[in-house]
1. How do the pairs read when you match residues in the stretch 199-225 that are over 17 Å from residue 47 (Cβ atoms) with residues anywhere that are of a type in the set (Asp, Glu) and within 10 Å of the ligand (Cβ to nearest atom), using Cβ under 9 Å and keeping only pairs 6 or more apart or on different chains?
2. Regarding residue 122, is this residue more than 12 Å from the chain's Cα centre (by Cα) and away from the ligand (no atom under 16 Å from the Cβ)?
3. I'd like to know if the stretch 210-231 contains one or more residues that are open to solvent by 10 Å² or more (accessible area, probe 1.4 Å) and within 21 Å of residue 31 (Cβ to Cβ).
4. Quickly run through the stretch 160-177 and pick out the residues that are assigned to a loop (DSSP other than H, G, I, E, B) and not small (Gly, Ala, Ser).
5. For the stretch 51-100, enumerate the residues that are farther than 16 Å from residue 261 by Cβ, part of a loop (DSSP other than H, G, I, E, B) and open to solvent by less than 40 Å² (accessible area, probe 1.4 Å).
6. If we scan the stretch 78-101, do we find a residue that is more than 15 Å from the ligand (Cβ to nearest atom), over 24 Å from residue 365 (Cα atoms) and touching a helix residue (DSSP H, G or I) at 6+ places or on another chain (Cβ under 8 Å)?
7. Might you let me know whether the stretch 385-395 holds any residue that is open to solvent by 60 Å² or more (accessible area, probe 1.4 Å), in contact with a helix residue (DSSP H, G or I) (Cβ under 7 Å, 6 or more places away or on another chain) and within 18 Å of residue 19 (Cα to Cα)?
8. How many of the residues making up the stretch 259-300 are outside any helix (DSSP H, G or I), within 21 Å of the chain's Cα centre (by Cα) and touching a residue at least 40 places away in the same chain (Cβ under 8 Å)?
Amino acid sequence: MSGQLAIDGGRPVRSTPLPGAYPGATIIGEDEKRAVCEVLDRRSPFRYYGPDPAYTVNELEQAVASLIGIEHAVGVTSGTAALIVALRALGVGPGDEVIVPAATFYGCVNAVVACQAVPIFADLDETVSISAESVERIITPRTRAVMVVHWRGAAADLQPLLAVGARHGIPILEDCAQSFGAKYHGRLVGGFGDINIFSFQMNKVISAGEGGMVVTNDPALHQRAVACQDQGTPRKSEGADLPPFFGENYRMSELTAAVLLEQVKKLDRLRAHVRHLGGIIRESVSDFPGVCARPLADPAGDAGVSPGFVFATAELCAWVRKALAAEGVPIKFPYSGVPVYMHVAILHKRMWHDGLSPWDSRVYTGAADYGPGLCPRAEELMPRVCEYHLSMDWTEQDAQDIAAGLRKVMQAVPSELLAAAPVG
Ligand SMILES: Cc1ncc(COP(=O)(O)O)c(C=O)c1O
């Protein structure tokens, strides 16, 4: 292979596109088809009743709870719905603040605002996850929950975060949307916080296109979560003795559960495959200055779907991205390298109705503004972070092509781009 970079007119490492990055969706097969057809054959796609219900959502809830090692699970329509249900189960509402990491999907922030609460952004640690030290600094008497997002298949450093929560009596909500199957100190994520959530949307570790789940060990939180996903109506069949309250419909369909029950069974195979490929990709740059694999709180627990890299500078990262794209092995740039609070709706606190602003609520006694400078570590780190997203349909050759592309590009980095500070 010619050493001349494709950006300089050389031959690219790869001429065919890499596969898409839909881990769960790419393991959909005959098992999922059969399971969905069974629901249809029974003409009972609703979870609570029908001509011949199989109660597949119940079965999925039990399967996920027992996998995670937690008492209760509630299937819902999406990860965002799961966050809304979990926050409402915790009693989050007007006047409250919820701490959210600076690096995450804006659905996390939407869920807080849907509860009429105010999002407060915590800075990151070197693993690109929420920093316990930053959380502790921004806790106020109004803080009602801390949302810990397990970023890109790998657990956040839970121990210090749980300690901060315990010290201040503030519940921890693990958002495992991106990290089903990740472990922390030998246990699956989703089993540590007070109430935790998963997403089964299209690019998640396991998927039915859409779907979500709320899990908890606390029976009272579980009862409230059950009511919150079903029009504020407690279910006597689940032992609920709450008075009804207002709510919406976030109920999971039997069709979704049928797909997911099959997906759960394939988790270990998927995890082993992507971890193997990720190892090849990560290893390829281990000897180059200016780049390192994303540091993880628990590398052995990585679900493996998104091997990440941290470059010494934003300029180097931008140059490498351009060069890899030309080589036919483009690397992803999560959230365009900016913290979630730079999303315009958040920056401008723009609601769907002017009368609903949680920041202007009579009962909100804080003052939260968003913009550059809010989380300096995130602003400095995020433009230096890149990743690949792997799936079951990726082959060892795909990983080898990426490794070859990374090596070729890193060997050719202009010296002035390496003169900057080392990765740290
Ligand atoms: C961290 C995180 N939380 C929540 C969500 C929302 O999940 P959903 O798309 O299923 O609503 C996502 C989805 O991308 C996510 O990445």
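The values are calculated or read from the model by the stated rules, or taken from the named source; none is laboratory data. Only a predicted model underlies this, so the values are computations on that prediction, with no experimental measurement involved. Note that each Cβ is placed from the backbone with ideal geometry, even for glycine, and that neighbours are counted across all protein chains shown. Just so you know, the surface numbers come from the protein's heavy atoms only, side chains and all, with ligands and any DNA or RNA stripped out. Shrake-Rupley method; radii C 1.70, N 1.55, O 1.52, S 1.80 Å.
1. 199/175; 199/210; 201/210; 202/210
2. Criteria not met by residue 122.
3. Within the stretch 210-231 (the criterion being open to solvent by 10 Å² or more (accessible area, probe 1.4 Å) and within 21 Å of residue 31 (Cβ to Cβ)), the answer is yes, since at least one residue qualifies.
4. Of the residues in the stretch 160-177, the ones assigned to a loop (DSSP other than H, G, I, E, B) are 169-171, 176-177.
Selection gives 170, 171, 176.
5. Passing the criteria: 70, 78, 90, 91, 92, 93, 95, 96.
6. Among the residues of the stretch 78-101, not one is more than 15 Å from the ligand (Cβ to nearest atom), over 24 Å from residue 365 (Cα atoms) and touching a helix residue (DSSP H, G or I) at 6+ places or on another chain (Cβ under 8 Å), which makes the answer no.
7. Our first condition is that a residue be open to solvent by 60 Å² or more (accessible area, probe 1.4 Å); within the stretch 385-395, this holds for 393, 395.
From what's left, in contact with a helix residue (DSSP H, G or I) (Cβ under 7 Å, 6 or more places away or on another chain): 393.
Checking which are within 18 Å of residue 19 (Cα to Cα) leaves us with 393.
Among the residues of the stretch 385-395, at least one is open to solvent by 60 Å² or more (accessible area, probe 1.4 Å), in contact with a helix residue (DSSP H, G or I) (Cβ under 7 Å, 6 or more places away or on another chain) and within 18 Å of residue 19 (Cα to Cα), which makes the answer yes.
8. Pass one, the stretch 259-300, residues outside any helix (DSSP H, G or I): 266, 284-298.
This time we only want the ones that are within 21 Å of the chain's Cα centre (by Cα), so: 266, 293-298.
Now narrow it down to the ones that are touching a residue at least 40 places away in the same chain (Cβ under 8 Å): 266, 294-298.
The qualifying residues number 6.
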